[in-house]
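Structure record follows, encoded as structure tokens.
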Amino acid sequence: MSFQRVMVVGAGQMGSGIAQVAAQAGCDVILQDIKEEYTERGMRTIATSLNRFVKKGQLTEEESAQILKRITPTTEIEMARNAEIVIEAATEQMAIKKEIFKKLDEFAPQQTLLATNTSSLPVTELAAVTKRPDQVIGMHFMNPVPMMKLVEVIRGLQTSDEVFQAVMNFSEELGKKPVAVQDFPGFISNRVLMPMINEAVYCLYEGVAEPQAIDEIMKLGMNHPMGPLQLADFIGLDTCLYIMEVLYDGFGDSKYRPCPLLRKYVAAGWLGKKTGRGFYVYE
Ligand code: CAA
């Protein structure tokens with residue numbers, strides 16, 4: 001492996017998935033979050049996911065146990081001192097990410113690369129808060145991380161060619177397919193995906209069709225594995241709204257205006273699967 005010691009900051013859905021694939025690829029992983037209950041939940045998510053591979057015969061019980069052992073949960077960000085690469089997967093808020101990057105820059109060894117799993121925020125701006133902007137890069141994984149092949153690799157304005165190449169290679173070593181893009185709002189994945197989801201919400205808002213009908217059309221008609229409203233529930237409606245705001249602010253183009261119904265659902269706390277209600281109701 002080009003990087004043996006990996007740290008993942010943030011033990012939520014994305015962070016735990018990234019920690020899992022790194023450990024599955026043979027890395028020693030530090031999984032950090034601000035509270036023990038968050039790292040514990042992250043470890044449970046990883047165990048559940050590994051169990052699915054065991055049930056399918058793709059991993060043995062023994063391998064699964066070894067993978068779990070390679071992951072060390074912690075609440076100390078200072079543990080960055082042991083990492084060769086850090087992948088940040090914290091909350092999608094610029095102020096929080098900047099604070100984390102300042103700390104990582106302080107604690108991580110000089111040669112350590114700092115990657116962010118941001119889904120739409122500018123990598124260039126994040127890099128600028130560190131003293132190593134040439135070693136900062138975006139590694140945008142897709143949810144569910146253990147199943148999805150893509151890593152969107154985002155080059156900040158200052159990212160060096162050497163760092164870019166190292167991260168492309170590392171993504172492949174993780175068993176993923178890296179695809180490189182430049183640093184513009186929403187990159188490619190969310191610049192294309194989110195307006196589609198937003199348009200599906202507009203269709204619902206305008207009464208063109210019911211949620212099930214909208215999703216069936218996109219699943220059966222376009223061969224998408226999930227319909228856009230089901231996918232929005234899965235991603236989280238707050239995240240979808242946030243990314244639409246980033247696109248709207250970043251490009252200043254009205255085609256990115258978030259649908260009022262999306263705003264309303266988020267205001268109601270109907271954030272999708274994670275809160276038990278979004279466009280659908282979950283038990
Ligand atoms: N860990 C391990 N295995 C998992 C898993 C996980 N977290 N989640 C699903 N699986 C496995 C299941 O075990 C199952 O395996 P088999 O088919 O071999 O039995 C397989 O995935 C399919 O799972 P399900 O039968 O439960 O459901 P499904 O057929 O609908 O597949 C899915 C699930 C892979 C998530 C599929 O629905 C899908 O590809 N959905 C679209 C996902 C997508 O678009 N992701 C991108 C979101 S956008 C994003 O992430 C970027 C952003 O910035 C917002």
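Read the figures in this text as sums done on the coordinates, not as results from a lab. For clarity, every value in this text was computed on a predicted model and none was experimentally measured. Here Cβ is always computed from backbone atoms with ideal geometry, including for glycine, and neighbour counts include all displayed protein chains.
Observations, loosely collected:
- Applying a threshold of 18 Å to the alpha-carbon distances of K103/K177; K98/K131; K35/K176 flags K103/K177; K35/K176 as lying beyond it.
- D by Stokes-Einstein for segment 79-203, Kirkwood Rh over Cα pairs, 10 °C, 1.306 mPa s: 107 µm²/s.
- Note on segment 95-150 and segment 218-249: Cα centroid distance 24 Å, given to the nearest whole angstrom.
- Backbone HN-Hα couplings from phi across segment 93-99 [Karplus 6.51/-1.76/1.60, Hz, Gly and Pro as x]: 9, 4, 4, 5, 5, 5, 4
- Whole-Å distance, taken between Cα centres, linking segment 60-86 and segment 3-25: 8
- P(r) histogram, all alpha-carbon pairs of the chain included - 10 Å bins from 0, percent: 7, 28, 34, 23, 8, 0
- For segment 1-78, with +1 on Lys and Arg beta carbons and -1 on Asp and Glu, the positive-most of F53, A23, V6 along the dipole: F53
- Relative frequency of Cα-Cα separations exceeding 25 Å in segment 1-128, percent: 22
- Where only C-alpha atoms are counted, convex hull volume of segment 213-253 per residue in Å³: 81
- Partners of K264 within straight-line reach, counting aspartates and glutamates whose Cα lies under 18 Å from its Cα and excluding those fewer than 8 residues away in the same chain: E199, E206, E210, D233, D238, E245.
- Over the chain, relative contact order from alpha-carbon pairs under 8 Å, at least 6 apart, %: 14
- With θ taken as phi - 60° and the Karplus curve 6.51 cos²θ - 1.76 cosθ + 1.60 applied, the whole-hertz 3J(HN,Hα) list for segment 266-273 is 5, 4, 6, x, 8, 9, x, 4 Hz, x standing for glycine and proline.
- The share of alpha-carbon pairs in segment 167-283 lying farther apart than 20 Å comes to 47%.
- Amide H contacts for T116 (H built 1.01 Å from N in the peptide plane; partners 5 or more residues away or on another chain; cut-off under 5 Å): E88, I137, G138, M139.
- Segment K102-L150, extension gain: residue separation times 0.36 nm, minus the distance between their alpha carbons: 14.5 nm
- Nonlocal amide H pairs with M7, under 5 Å, H built at 1.01 Å: I30, E84, I85, V86, I87
- Inter-probe distance in nm under a simple model that places probes 7 Å from Cα toward Cβ, at I34 and T275: 1.9
- Dipole size of the chain about its Cα centre, with +1 on Lys/Arg Cβ and -1 on Asp/Glu Cβ: approximately 280 debye, rounded to the nearest 20.
- For segment 136-180, the equivalent ellipsoid derived from the alpha-carbon gyration tensor has semi-axes of 19, 11, 6 Å in decreasing order.
- Value of Rg to Rh for segment 131-218 (Rh from inverse mean 1/r over Cα pairs, i.e. Kirkwood): 1.14
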